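A short worksheet on the structure shown next.
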Amino acid sequence: MTSLSDLPALRGNEGKLLWQQQGAAALRVRQWQRWRWLTLGEQTATLQGLQHLDRPDLPQLPYAVAMLAGALALHQPRSLLNLGLGCGAFERFFRRHFPLTRVTSVERDPAIIEAAQQWFGLASDHPVICGDAAHFVTLTPLRFDLLFCDLHDGNDQALVHAPDFCEQLLRPLGSAGVLVLNLLGVDESKLLSLLMRVRRQLPAVWLIEPPRSSNLVLVAAKQLPALNELPQRAAELKSETGVDLAPYLKTLTAVPLPA
């Protein structure tokens, strides 16, 4: 399989253009060999999703793989809330490998939903709520075992770092739920501020620095497994799904519990 480092999407607007939606969003789907990806924006397009057509069930972007570490904290999650659809990588993964997990997705842009269904194999019967994530988490009566949050506007994550959003975000999380946040190149002061807000309710926190990425992944819960349990859990996940989290565990840091 071609290495991710060889992918033209990471070097600019190369690859065959398969679909585009002009306007404020400027969404495009491109393909090179067996790689297909979704970008957003004109001059500084950001990668929204990446798929290898031979393994459409596996997330490919390093931060997305790192976010699956949240699944190590739960043997069989009953439910997942995914905020920010992208190309539907998590939806395909859980549908294939955790078919008993009820996955609910929230995406504000109908064009992204269309692209995920038309070009990335998102099942037509998969429940996607087209709307605002902050509105959904405030009003939903549902509770989830896992909550994945990958919300951003290009390279801006103002919503994620808004002081009141953290409390809203944790509202639909079950009592033993696990929160997983993708953070884009966050500076130290913003990270510390976010950690303080998260740990008011979820004191156990992992920070993961995905290889070949400037992102940071935060995993938080009231209680997380001991670090010495993770290699075995990761080996089981690899055997069952093909996802290798071993390189990611090397960059995982357990933040000391509050005094």
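Summing charges over neighbours of VAL29, with a neighbour being any other residue whose Cβ is under 13 Å away from its Cβ, gives +3 when K and R count +1 and D and E count -1. Legend: ranking of residues CYS87, CYS166, CYS149, CYS130 from fewest to most surrounding C-beta atoms inside 10 Å; resulting order CYS130, CYS166, CYS149, CYS87.
Here the gap between ASP153 and GLU229, fully extended at 0.36 nm per residue and compared with their Cα-Cα distance, gives a gain of 23.8 nm.
What list do you get for HIS135, HIS75 if you sort them by fewest beta carbons within 10 Å?
On the way: HIS135 13, HIS75 9.
Ascending Cβ contact count within 10 Å gives the list HIS75, HIS135.
Neighbour counts of other C-beta atoms within 10 Å: give me ASP132, ASP150, ASP164 arranged from fewest to most. Walk me through the numbers before you get to the answer.
On the way: ASP132 13, ASP150 27, ASP164 10.
In increasing order of surrounding Cβ atoms, one gets ASP164, ASP132, ASP150.
May I ask for the percentage of alpha-carbon pairs in the stretch 147-259 that lie more than 24 Å from each other? Everything past 24 Å amounts to 26 percent.
Considering only Cα atoms, the convex hull volume of the chain works out to 125 Å³ per residue.
Take the Cβ-Cβ distance between LEU47 and SER124 as r, set R0 to 22 Å, and report the resulting FRET efficiency rounded to the nearest 0.05. Each step should come with its number before you reach the end.
Details: r = 25 Å, r/R0 = 1.12.
My answer for the efficiency is 0.35.
Per-residue ellipticity at 222 nm computed for the chain from its helices equals -7500 deg cm²/dmol, with DSSP H segments shorter than 4 residues left out and the rest contributing -39,500 (n - 2.57). Highest mean first, the peptides 206-215, 184-193, 59-68 sorted by other C-beta atoms within 10 Å per residue fall in the order 59-68, 206-215, 184-193.
If R0 is taken as 22 Å, the Cβ-Cβ distance between LYS222 and HIS75 corresponds to a FRET efficiency of 0.85. On the beta carbon distance between ALA26 and LYS250, with R0 = 41 Å, the FRET formula returns roughly 0.65.
Every number here is computed from the coordinates shown, using simple stated rules; none is lab data. Nothing here was measured: the structure is a model prediction, and the numbers come from that model. So basically every Cβ, Gly included, is an ideal-geometry build from the backbone, and we count neighbours across all protein chains shown.
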